[in-house]
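The values are calculated or read from the model by the stated rules, or taken from the named source; none is laboratory data. Fair warning: this is a prediction, and the values are worked out from it, not measured in the lab. Don't worry about glycine lacking a Cβ; one is built from the backbone with ideal geometry, like all the others, and counts go over all protein chains shown.
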Amino acid sequence: MDKGLILIKKHDLKGVSERNMKSRVLNLSGCLFGIISLFSGCTTSDRLVNLTPELIPQNPSGIYSLSVRRDVAQGMVSEGDMRVVVGGKVYPMASNPGADGVYTFDYAMEGSSNRALYYYEWVNASGKTMAATPVQEFRLSNRYVELETTRAQPGQAVAVLGRGFRDSDTVMFGGQTLATRYVSAHQLQFDVPAMDAGRSYPVEVKTGETVLPAGVFRIDYSQLRAVPQRIDLVEGESALVVFSVDYDAPDPGIPVVMQLTQPGLLEWDPATIEVGTRSVSVRVRAIMQGTGEIQVEARGHNHLAMPVMVRPRTLGEGL
């Protein structure tokens, strides 16, 4: 065969080989780009926020609530279904009517297991996964805790029941650490704090680095009383007003906030119902004549409005 022909054929084969290699590189790049795009869509289009705690108190029924919140990216389609995959099995989740974007599923733990691997995924109408969380784990704690009651007034003693309590455990009420009394390995006690009434707060037990949910607690309004119920003084006179509540004041006490609708009629010193007491005496002094009201507030208690009259001092009236 002619040497020139042989050289041409070798040159052609070399060109074909280079073109094939470039083609394969482009195809591989395209595949990688597609994979990256797919996973980018799963993480940036929507954001799935796991609301399930890592440690869940064990309960006799063996059913545990798993929950997730979906934050929808702007301009994204909201139609689809939320699913949770637990132990390789897929379960549909239901939307929570009381919380926008929150989905829940009650999972029945199988056998004697005390932990499970799971993840959440959002799928569109065709079943394609549009967003997913990493695989996570929840574990069961055999230290269950629960509230003896779920509502009371400030100052009332409430028990937290469970097992395995230690004297170093503390009760957290609405994120605030309370003075906690250790009764036994099965009971802790706390006094309802003087916080805004008519509201519910989460209650938890902190044991070491672990926080165990105990339930939700509602503070009811307690009765605040004043004696006398109205102020009638002559300029320059003073009188004692006693404010009282039904239960011993919890830590750190109950400040009594007084404010005049007509400034300048009276003056007084700040007052607080101290921890463990039920009343405080406040001396008010008449400064100038006029009428108005004292608006009295104490957190967790009813509001008081006390009429005030300060009369001018006439000739002959003593101080």
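Of all the residues in the range 127-155, those that are among the polar types (S, T, N, Q) and farther than 22 Å from residue 101 by Cβ number 5.
Given the structure, is residue 273 aliphatic (A, V, I, L, M) and closer than 30 Å to residue 171 by Cα? Yes.
Suppose we filter the range 132-154 for residues that are within 22 Å of residue 275 (Cα to Cα) and assigned to a strand (DSSP E or B); how many remain? Even if it seems obvious, please write down each step before you answer.
Within the range 132-154, the first condition is being within 22 Å of residue 275 (Cα to Cα), and the residues that meet it are 151-154.
Right, trim to assigned to a strand (DSSP E or B) and you get 151-152.
Matching residues across the range 132-154 total 2.
Of the residues making up the range 286-311, those that are surrounded by fewer than 18 Cβ atoms within 10 Å (Cβ to Cβ) and not in a strand (DSSP E or B) are 287, 288, 289, 299, 302, 303.
Could you tell me whether the range 158-165 includes any residue that is within 13 Å of residue 214 (Cα to Cα) and of a type in the set (Val, Ile, Thr)? Looking for residues that are within 13 Å of residue 214 (Cα to Cα) and of a type in the set (Val, Ile, Thr), one finds at least one in the range 158-165, hence yes. Restricting attention to the range 184-209, the residues being loosely packed, with under 14 Cβ neighbours inside 10 Å, at negative phi and either out of contact with any Gly (no Cβ under 8 Å at 6 or more places or on another chain) or aromatic (Phe, Trp, Tyr) (or both) number 4. Scanning the range 266-290 for residues that are of a type in the set (Val, Ile, Thr) and closer than 15 Å to residue 306 by Cα yields 282, 284. Within the range 172-195, can one find any residue that is under 13 Å from the mean Cα position of the chain (by Cα), of a type outside the set (A, V, I, L, M, F, W, C) and under 21 Å from residue 273 (Cα atoms)? Looking for residues that are under 13 Å from the mean Cα position of the chain (by Cα), of a type outside the set (A, V, I, L, M, F, W, C) and under 21 Å from residue 273 (Cα atoms), one finds at least one in the range 172-195, hence yes.
Every residue, every condition in (1) in contact with a Gly (Cβ under 6 Å, 6 or more places away or on another chain); (2) at positive phi; (3) exposed (fewer than 11 other Cβ atoms within 10 Å of the Cβ), yes or no:
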{"residue": "84", "(1), (2), (3)": "no, no, no"}
{"residue": "98", "(1), (2), (3)": "no, no, yes"}
{"residue": "102", "(1), (2), (3)": "no, no, no"}
{"residue": "120", "(1), (2), (3)": "no, no, no"}
{"residue": "126", "(1), (2), (3)": "no, no, yes"}
{"residue": "136", "(1), (2), (3)": "no, no, no"}
{"residue": "139", "(1), (2), (3)": "no, no, no"}
{"residue": "147", "(1), (2), (3)": "yes, no, no"}
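Scanning the range 222-246 for residues that are within 20 Å of residue 303 (Cα to Cα) and surrounded by 17 or more Cβ atoms within 10 Å (Cβ to Cβ) yields 222, 224, 226, 231, 241, 243, 245.
In the range 171-195, the residues that are acidic (Asp, Glu) reach residues that are loosely packed, with under 14 Cβ neighbours inside 10 Å with C-beta atoms within less than 8 angstrom, at least six apart or across chains, in these pairs: 191/251. For residue 283, state whether it is within 29 Å of residue 151 (Cβ to Cβ), surrounded by fewer than 17 Cβ atoms within 10 Å (Cβ to Cβ) and either modelled with pLDDT of 95 or more or not assigned by TED's automatic domain parsing to the domain that holds residue 156 (or both). It is false that residue 283 is within 29 Å of residue 151 (Cβ to Cβ), surrounded by fewer than 17 Cβ atoms within 10 Å (Cβ to Cβ) and either modelled with pLDDT of 95 or more or not assigned by TED's automatic domain parsing to the domain that holds residue 156 (or both).
Among the conditions (1) more than 22 Å from residue 197 (Cβ to Cβ); (2) surrounded by fewer than 14 Cβ atoms within 10 Å (Cβ to Cβ), residue 251 misses just one, which is (1). Taken over the range 107-118, residues that are surrounded by 13 or more Cβ atoms within 10 Å (Cβ to Cβ) and in a strand (DSSP E or B) amount to 3.
Of everything listed in (1) assigned to a loop (DSSP other than H, G, I, E, B); (2) outside the structural domain of residue 64 (by TED's automatic domain parsing), the single unmet condition for residue 125 is (2). The combined condition, being closer than 30 Å to residue 188 by Cα, touching a residue at least 12 places away in the same chain (Cβ under 8 Å) and assigned by TED's automatic domain parsing to the domain that holds residue 210, is not fulfilled by residue 115. Residues in the range 20-43: is at least one β-branched (Val, Ile, Thr), at pLDDT 90 or above and closer than 30 Å to residue 209 by Cβ? No, the range 20-43 contains no residue that is β-branched (Val, Ile, Thr), at pLDDT 90 or above and closer than 30 Å to residue 209 by Cβ.
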